[in-house]
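Below is one structure, written out as structure tokens; comments come after it.
The values are calculated or read from the model by the stated rules, or taken from the named source; none is laboratory data. What you see is a predicted model; the values in this text were computed from it and never measured. All Cβ positions, even for glycine, are placed from backbone atoms using ideal geometry, and neighbour counts span all protein chains on display.
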Amino acid sequence: MKITTSLAAAGLLLASGGAALAQSSSPSFLSSLSSPTPSTPYTVRLGISHIAPNSHATDAVGPLLPGPPSGVSLKVEDKTTLFFSVARAINDNLEVELAMGYPPTHDVKAQLSPSLPANVQGFNGQTIAKVRQLAPTLFLNYSFGQPESRLRPFVGLGINYTNFDKRTSTATGNALNGGPTDIRLSDSWGLAAQVGLDYKIDARWSVHASLATARVKTHLVATTAGAAREIDIRFRPAVFTLSAGYRF
Amino acid sequence: MNTLHTLAIGTAVVLLAACGGGGSDSGGSETVDNSGARGSLIYNPPLRVTALTAQQFTDRLNGSTSGAQLLQLAGTPKCGVNFHYIQYGTVGGVNEATKASGALMVPTGTDPACSGARPIVLYAHGTTTDKAYNIADIVNTSNSGASEGSLIAALYAAQGFIVVAPNYAGYDISPLPYHPYLNGDQQSKDMIDSLTAARKALPVLAGVSDSGKLLVTGYSQGGYVALATQRALQAAGQTVTAAAPLSAPSAISLLLDYTTLGAPALGGTVFVPLLSTSWQKQFGNVYSSTSDLYEAQYATGIDTLLPSTTPIATLFSTGKLPQTALFPANAVPGPASPAFAAFYGPNNLLRQSFLTASATDVVTNVCPGNAFPSTAASLSSTTPLACTPSTGFRKAAVANDLRNFVPNKPVFFCGGAQDPTVNFTSTQATAGYFKARGLPAAALTVLDLEAAVSGASDPFAAAKVGFAQSKAATLAAGGATAVVTAYHGTLVPPFCNAAARGFFQQVLAAGG
């Protein structure tokens with residue numbers, strides 16, 4: 001249901017984005033669609049991303065924990081989601097791309113030191129929270145070869161913004177933390193980079209594959225009955241994306 | 001670029017709108033009461049620090065030598081224990097609103113003794129200089145409250161008692177900038193407020209309910225607090241099933257008169273600053289300046305020194321407090337016997353002028369129950385506090401002395417006659433007063449762990465024998481000094497606490 005909504009949203013975006021373009025570009029967006037060759041430098045891409053967050057989290061610090069070190073940490077799990085981007089060519093080799101996706105919700109699993117007592121060990125590897133992230137990334141991509149080339153490798157450098165907009169503590173998480181738990185994660189800004197291949201099918205359509213990463217850091221605060229436990233998480237995500245591009 | 005910008009914002013807005021609401025879902029409901037009212041439970045349900053099954057608790061105790069010894073004394077856990085951390089509204093020494101924290105231990109498990117209506121043990125902890133003391137923090141063995149928490153969990157919660165144990169105002173998260181040490185009025189309110197707050201959590205936490213039976217106990221400072229709480233509950237017409245003040249400085253004015261007359265307590269250099277700060281807050285007439293009591297090297301800041309986040313050993317080693325030298329080497333009066341010589345020496349804490357004033361007052365305005373040494377008459381006086389001290393410190397001590405009520409429910413006193421920290425005479429004098437005022441023998445039990453086993457029917461034979469063995473082992477390992485050092489804090493507590501549980505079980509079995 002959510003994916004359907006998102007697709008509808010993408011359609012809506014095309015329409016609204018087009019309307020915006022229609023005002024500033026000539027000939028009109030609609031007429032460009034019926035033209036055999038693209039008249040504007042825009043490409044939209046829709047596809048699938050597999051996100052491996054590769055999280056590295058510190059041990060939790062805060063009241064009523066063992067240690068220090070507490071031996072209580074976490075790991076953010078992989079997730080596949082819908083990918084969407086809009087790119088604008090600057091010249092034959094450079095484009096600016098705003099990459100986003102349907103915000104993925106990642107399982108967060110407990111990672112517990114073997115030194116912790118048996119009653120806590122039972123939680124190891126269990127899903128303690130679910131976290132949804134919005135991670136728009138703005139890339140400047142450089143494509144090798146000529147515009148006419150069928151296969152063009154590219155590299156991109158950019159800036160990533162990550163916002164964890166929805167956080168849910170699971171029943172298991174609450175059992176580990178000791179009660180209903182409010183989770184907050186700080187926003188992250190960081191460098192992003194990608195490499196990939198673009199295969200041109202015709203003047204409008206292409207298949208696009210990329211492997212992207214970014215520097216993402218966040219500070220997590222889990223508050224249970226007034227007790228705030230804190231963890232710093234560093235991500236070195238590997239995001240593999242396969243998408244179809246449409247140029248207009 | 002402008003167009004792209006518009007497009008980007010459009011995309012972001014549309015995608016966000018498509019995804020539904022963000023925010024945090026805590027996965028449960030929680031009530032937060034920040035009213036600050038006495039007995040308000042700030043977070044309900046309170047934080048569950050950890051949950052142990054009976055087997056896990058047993059294994060945990062077996063994991064250390066001291067734990068294995070405790071297991072022998074307390075018996076194998078019948079119940080698992082959920083350890084909760086409560087934060088509650090209470091008051092300071094002059095009824096100023098504050099908050100404090102503590103433990104709520106709830107028995108769990110399938111044994112019939114671990115569910116349904118259970119009695120509550122309200123436990124008061126002993127003196128600590130550690131501001132971070134948290135009796136609920138049993139997962140962090142480096143916390144100074146962890147061992148006392150384990151002791152009462154093993155003795156009570158694991159045997160089917162609900163346990164409520166406050167950390168007291170001035171400790172842990174409490175914002176009160178001092179601790180109302182041996183302020184009988186405040187400390188009993190703190191206990192009652194922690195109990196009121198904990199009772200609010202019980203209906204929210206599944207498994208057990210309050211049977212209505214209330215057993216009040218505590219060790220050392222906590223023994224005093226337990227008896228003060230019994231007095232306050234009784235005065236308020238609330239239920240107390242029985243009380244067990246252990247190694248209690250309940251006759252606090254007697255102990256301070258003894259200190260003045262040459263028999264100071266081991267730990268006195270810690271107790272006196274805690275008392276002077278607390279009672280100055282309570283009455284405002286203990287001193288006009290800390291230098292009325294304290295030597296110049298200590299006077300500045302002594303009123304905010306304790307409790308402290310700095311370990312007591314560091315406070316001693318850095319000269320913030322002397323380890324034993326309460327009075328100057330040539331003090332008048334000097335030590336009552338050579339055994340007390342260590343409390344007189346260089347870099348002493350208290351001034352001779354304060355000692356002189358106190359000593360003059362002790363002999364001028366004699367409190368009938370405080371004779372030094374004690375006499376049969378002083379220990380059976382019906383008016384032990386019929387005296388009018390002239391110094392602020394003695395006035396405060398008499399005002400906070402607990403020999404001014406008679407319990408109407410059974411009381412069990414316990415201690416060791418050789419206790420160098422809380423002189424056992426305090427227990428004898430308090431019990432003697434209760435007896436003199438008509439508390440029936442059936443409702444008054446005094447256990448001296450040093451006493452010989454009275455016969456095959458001695459209900460406390462095991463405690464006496466166990467204590468004697470423990471003491472002998474300490475003597476063999478470290479000599480007489482080790483016994484003195486370990487006596488109050490290590491040797492006596494397990495046996496008095498275990499004996500108190502036996503007493504409570506007997507009272508409950510008798511339908512108390």
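General observations
- Residue within the stretch A:155-170 that is in contact with a Cys (Cβ under 9 Å, 6 or more places away or on another chain), touching a residue at least 60 places away in the same chain (Cβ under 8 Å) and more than 21 Å from A:Gly71 (Cα to Cα) present: yes
- Qualifying residue in the stretch B:83-98 (condition: within 19 Å of B:Pro203 (Cβ to Cβ) and in contact with an Asp or Glu (Cβ under 6 Å, 6 or more places away or on another chain)): yes
- Of all the numbered requirements in (1) within 14 Å of another protein chain (Cβ to nearest Cβ); (2) farther than 18 Å from B:Val164 by Cβ; (3) out of contact with any Leu (no Cβ under 8 Å at 6 or more places or on another chain), B:Asn62 misses one, and that requirement is (3).
- Within the stretch A:220-239, the residues that satisfy the criterion of being surrounded by fewer than 16 Cβ atoms within 10 Å (Cβ to Cβ) and touching a Leu at 6+ places or on another chain (Cβ under 7 Å) are A:Glu230, A:Ala238.
- When the residues of the stretch A:151-200 are filtered to those that are of a type in the set (Lys, Arg) and in contact with an Asp or Glu (Cβ under 9 Å, 6 or more places away or on another chain), the one that is farthest from A:Arg234 (Cα to Cα) is A:Lys200.
- Taking the criterion of being closer than 30 Å to B:Asn134 by Cα, more than 14 Å from every other protein chain (Cβ to nearest Cβ) and not polar (S, T, N, Q), the residues of the stretch A:48-74 that qualify are A:Ala57, A:Leu74.
- Some residue of the stretch B:15-30 being touching a Lys or Arg at 6+ places or on another chain (Cβ under 9 Å), within 7 Å of chain A (Cβ to nearest Cβ), surrounded by 14 or more Cβ atoms within 10 Å (Cβ to Cβ) and at pLDDT 95 or above: no
- Selection of the stretch A:180-209 for residues being within 14 Å of chain B (Cβ to nearest Cβ) and in contact with a His (Cβ under 9 Å, 6 or more places away or on another chain) yields A:Arg184, A:Leu185, A:Ser186.
- Residue match in the stretch A:150-166 (condition: over 26 Å from B:Asp137 (Cβ atoms), in contact with a Lys or Arg (Cβ under 7 Å, 6 or more places away or on another chain) and exposed (fewer than 15 other Cβ atoms within 10 Å of the Cβ)): yes
- Filter result (closer than 18 Å to A:Lys75 by Cβ, surrounded by 18 or more Cβ atoms within 10 Å (Cβ to Cβ) and among the small types (Gly, Ala, Ser)) within the stretch A:101-122: A:Ala110
- Identification of strands (runs of 3 or more DSSP E) wholly contained in the stretch A:75-130 with 2 or more residues that are facing chain B (nearest Cβ under 9 Å) and touching a helix residue (DSSP H, G or I) at 6+ places or on another chain (Cβ under 7 Å) yields A:79-89, A:94-101.
- Qualifying helices (runs of 4 or more DSSP H) (wholly inside the stretch B:348-466; at least 2 residues being at pLDDT 95 or above and over 27 Å from B:Gly502 (Cα atoms)): B:352-364, B:392-400
- Put simply, of B:Thr318, B:Thr300, B:Thr277, B:Thr304 the only residue that is out of contact with any Lys or Arg (no Cβ under 8 Å at 6 or more places or on another chain) and either modelled with pLDDT under 95 or buried (at least 22 other Cβ atoms within 10 Å of the Cβ) (or both) is B:Thr277.
- Residue count, the stretch B:368-405 (criterion: basic (Lys, Arg) and more than 21 Å from the chain's Cα centre (by Cα)): 2
- Applying the criterion of being crowded, with 19+ Cβ neighbours inside 10 Å and of a type in the set (Ser, Thr, Tyr) to the residues of the stretch A:136-149, the residue that is nearest to the other protein chains (Cβ to nearest Cβ) is A:Thr137.
- Hits in the stretch A:160-178 (condition: within 12 Å of chain B (Cβ to nearest Cβ) and farther than 30 Å from A:Asn119 by Cα): A:Tyr161, A:Asn163, A:Phe164, A:Asp165
- Among residues of the stretch A:213-235 being part of a strand (DSSP E or B), more than 12 Å from A:Thr162 (Cβ to Cβ) and hydrophobic (A, V, I, L, M, F, W, C), the one that is farthest from the other protein chains (Cβ to nearest Cβ) is A:Ile231.
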